[in-house]
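First up is the structure itself, then whatever we jot down about it.
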Amino acid sequence: MQQELITDIDILEQPNQHTHNRQPTGEIRRTQENAIAGQRKLYIESYGCQMNFSDSEIVVSIMQQHGFGTTSQAEEADLVLLNTCAIREKAEQTIRHRLEELNSLKKRKPALTIGILGCMAERLKAQLLEEEKMVDLVVGPDAYRDLPRLVSQVEDGVRAVNVLLSREETYADITPVRLDSNGVTAFISIMRGCDNMCSFCVVPFTRGRERSRDPQSILAEARQLFEQGYREVTLLGQNVDSYKWAGRANRKETERAQAEGAPVIDFADLLEMVAQIHPDLRVRFSTSHPKDMTDKVLYTMAKYDNICKYIHLPVQSGNDRILALMNRTYTRQWYLERIAAIRRILGEDCGISSDMIAGFCTETEEEHRDTLSLMQLVEYDFSYMFYYSERPGTLAARKYKDDVPIEVKKRRLNEIIALQRELSLKRNQRDIGKIHRVLIEGESKRSKEFLQGRNSANKVVVFPRKHYQKGQYVNVLVHAATAATLLGEVVE
Ligand code: SF4
C-alpha cells in the first residue's frame with residue numbers, strides 16, 4: 001500500500017477510492033460544527049490517505065471524551081490539529097505552507113494550540129518543534145490516547161511530543177466520530193502498521209509493525225453502522241491480506257499462538273463474518289498485497305453478493321529487476337497469476353485497480369515498457385499513478401541513486417496515465433447495455449438533477465434523480481461511458 005494523491009498530473013477523477021485508501025487529488029477533510037456553548041473547540045484537517053481520515057475520526061472521539069467539541073473554522077478553535085501525510089516531499093510541503101498560514105492566526109490568538117499528527121509527525125518527531133516555532137504539539141499515529149494529557153501540558157506552557165510506536169495499539173475500543181460522512185459509506189480500520197519493507201515506502205517507519213484488531217470490535221462497529229443507516233463499509237489496512245487474529249493484536253504473539261495450535265481468524269474469515277451481518281450491507285476492502293492475496297479470499301468474495309467484486313492490487317512496476325529493487329517480494333509472473341485467479345474465480349466484470357510508480361531508481365526505457373505491457377495485459381479499470389519521489393530514511397534512499405531525470409520521470413508517468421485512460425474507457429464501454437446494482441451515495445457533482453453511486457466494481461454511475469434517495473439500491477441500465485464514469489437510467 002503506498003499512500004499518495006492520485007497523480008501528480010491529476011488526470012482521472014476517481015471518487016475517493018483510496019487505494020491505499022487515497023483521496024482525490026489534494027482533498028483535505030475538515031471537522032464540522034458540533035461544539036456547544038462554552039466548550040473548548042477542536043479544528044482538525046486531515047491529509048493523505050483514508051487511514052489518516054479514519055485516525056482523525058478516532059482523535060475527535062478521544063477529544064470529545066475530554067470536553068472538546070469540533071468547529072469547521074480554524075479561527076474559532078482553541079486547538080488546531082493537522083493530521084499529516086509523509087509519503088512524498090510534496091505532501092510535507094503542503095503542511096509547511098499551511099503552517100505559515102496558521103502562524104498569522106497564532107499571532108492573533110497566542111493561546112491557540114497547534115498540533116501536528118500523523119506520518120510527518122512520526123517521521124520528523126521533535127525536529128518539527130525546532131523547525132516550526134508555531135507548533136506546540138507533535139503526536140505520532142500510535143499515541144492519540146495521550147493527546148488530552150499532552151494538550152494540557154501545552155496549556156501549562158510546555159511544548160509536547162509523543163511519537164512512540166506500539167505493537168499493540170489498534171484503538172479497537174474507541175468509536176470513531178464520523179467526519180464529513182455521506183451517511184451511506186464508512187471506513188473501518190481492521191489493522192495498523194505494515195511489515196512489508198518496500199524500499200521506496202516510509203509507512204513501516206511512520207506507522208510501525210503490523211497488528212490486527214479484535215474481530216469482535218470490527219463486527220460491533222459494522223453492525224452499529226448498519227443500524228445507523230450506513231449501507232457500505234470498507235475494511236482498511238495497509239495490507240489487509242495479512243490480517244490475522246489469534247487473541248492478541250501483537251503479530252509475534254499471534255504467530256506463537258498459531259504455532260501452538262490456537263484457532264486463527266484470517267482475512268477471508270473476517271470478510272465472511274462482516275458479510276453475514278446483513279445482505280444489504282455492502283463490504284469492500286483496501287489494500288491487498290499480491291504476495292499475500294489467497295484464493296480463499298477470492299472464493300469468499302464469490303460466495304457473497306454483498307462483498308463487492310473489486311480489488312485494489314498495487315503492482316508498482318511490470319519489471320522483475322525493478323520489483324526486486326523495490327523489495328515487492330513477487331515477480332511479474334506471480335502477479336499475473338494472481339490476476340488470472342481473480343478473473344477465473346470472480347469473472348471479467350470484477351473491477352481491478354493498481355498503483356504505478358514511474359522512474360524508480362535505475363529504471364531503463366525497456367523496463368518502463370514492461371510496466372506499460374503489464375497494464376495492457378491486465379486492463380485495469382483505474383490506477384493511482386506517480387513518479388518516484390525519494391523519501392529520507394527509506395531503503396531506496398539509503399542504497400539506490402535516484403538517477404532518472406525528472407523530465408524522464410514525468411514523460412514516463414504521462415505515458416502510463418495516457419494508457420490508463422484508454423484502458424479505463426475500454427473497460428467502462430464494456431458496461432454499456434448492462435444493468436448494474438448501484439448504492440446511491442448522493443447528488444452528482446455536476447448537477448442536482450442527477451444522483452451518483454457506485455456499482456460492485458467500484459465504478460461511479462450517474463443517473464437522473466427522479467424520486468430516488470441516498471442510501472437506496474437501484475438497478476441502472478448503462479447507456480454511455482467515459483473513462484471515469486458510467487451514465488444510465490434506473491430500471492425498476
Ligand atoms: S511498505 Fe509496501 S505494502 Fe507497506 S504500506 Fe508501504 S508500499 Fe504498502
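The values are calculated or read from the model by the stated rules, or taken from the named source; none is laboratory data. Fair warning: this is a prediction, and the values are worked out from it, not measured in the lab. Here the Cβ positions follow ideal geometry from the backbone for every residue, glycine too, while neighbour counts run over all protein chains shown. All accessible areas refer to the heavy atoms of the entire protein, side chains included, with ligands and DNA or RNA removed. Shrake-Rupley method; radii C 1.70, N 1.55, O 1.52, S 1.80 Å.
Before moving on, here are some points about what is shown:
- A cut-off of 5 Å between modelled amide H atoms, ignoring neighbours fewer than 5 places along the same chain, links residue 81 with 43, 44, 45, 115.
- Alpha-carbon centroids, the stretch 414-473 and the stretch 315-347: separation in whole Å: 28 Å
- For the stretch 435-490, size of Cβ-based charge dipole, Lys and Arg +1, Asp and Glu -1, in debye: 100 debye
- In terms of packing, defined here as the mean over residues of other Cβ atoms within 10 angstrom, the peptides 95-105, 40-50 line up highest first as 40-50, 95-105.
- Positive-end residue of 73, 394, 339, charge dipole of the chain with Cβ unit charges: 339
- Cα-centred dipole magnitude for the stretch 69-205, charges only on beta-carbon of K, R (+1) and D, E (-1), debye, nearest 20: 220 debye
- Of all DSSP beta bridges in the chain, antiparallel share, percent nearest 5: 40 percent
- Qualifying trypsin sites (Lys or Arg not before Pro) in the stretch 125-157, where qualification requires a DSSP coil assignment and no more than 12 other C-beta atoms within 10 Å, comprise 133.
- Counting DSSP beta bridges with both ends in the stretch 185-429, the antiparallel % (nearest 5): 20 percent
- Relative contact order of the stretch 343-390, defined on C-alpha pairs under 8 angstrom at six or more residues apart (%): 56 percent
- Spread of Cα-to-Cα distances over 10 Å intervals beginning at zero, given as percent, for the stretch 139-263: 12, 34, 33, 18, 3, 0
- As a fraction of the 1.4 Å probe accessible area of the stretch 185-429, surface on carbon and sulfur atoms comes out at 52 percent.
- Taken per residue, the accessible surface of the chain reaches 38 Å², heavy atoms only and a 1.4 Å probe.
- For residue 160, the residues whose amide H sits under 5 Å from its own are 137, 138, ignoring neighbours fewer than 5 places away on the same chain, with H placed 1.01 Å from N.
- For residue 402, the shell of other residues with beta-carbons less than 12 Å away shows a net charge of +1, using +1 for Lys and Arg and -1 for Asp and Glu.
- Taking all Cα pairs closer than 8 Å and separated by 6 or more residues, the relative contact order of the chain comes to 11 percent.
- Note on the stretch 20-149: antiparallel DSSP beta bridges, both residues inside, total approximately 15 percent of the bridges counted.
- Value of Rg/Rh across the chain [Cα atoms, Kirkwood radius]: 0.95
- Amide hydrogen proximity for residue 383: with H placed 1.01 Å from N in the peptide plane, the residues at 5 or more positions away or on another chain lying under 5 Å are 354.
- Cross-link partners of residue 109 among lysines, defined as those whose alpha carbon lies under 23 angstrom from its own and excluding same-chain residues fewer than eight positions apart: 41, 133.
- If you take all other residues with their beta carbon under 13 Å from the beta carbon of residue 155, and give Lys and Arg +1 and Asp and Glu -1, the sum is 0.
- At 1.567 mPa s and 4 °C, Stokes diffusion of the stretch 435-490 via Kirkwood alpha-carbon radius, µm² per second: 121 µm²/s
- Volume per residue of the convex hull around the Cα atoms, evaluated for the stretch 21-162, comes out as 100 Å³.
- Dipole magnitude (debye, nearest 20) for the chain, charges at Cβ of Lys, Arg, Asp, Glu: 200 debye
- Portion, in percent, of the accessible area of the stretch 435-490 that falls on carbon or sulfur, probe 1.4 Å: 52 percent
- The stretch 43-136, relative contact order in percent, only Cα pairs under 8 angstrom and at least six apart counted: 30 percent
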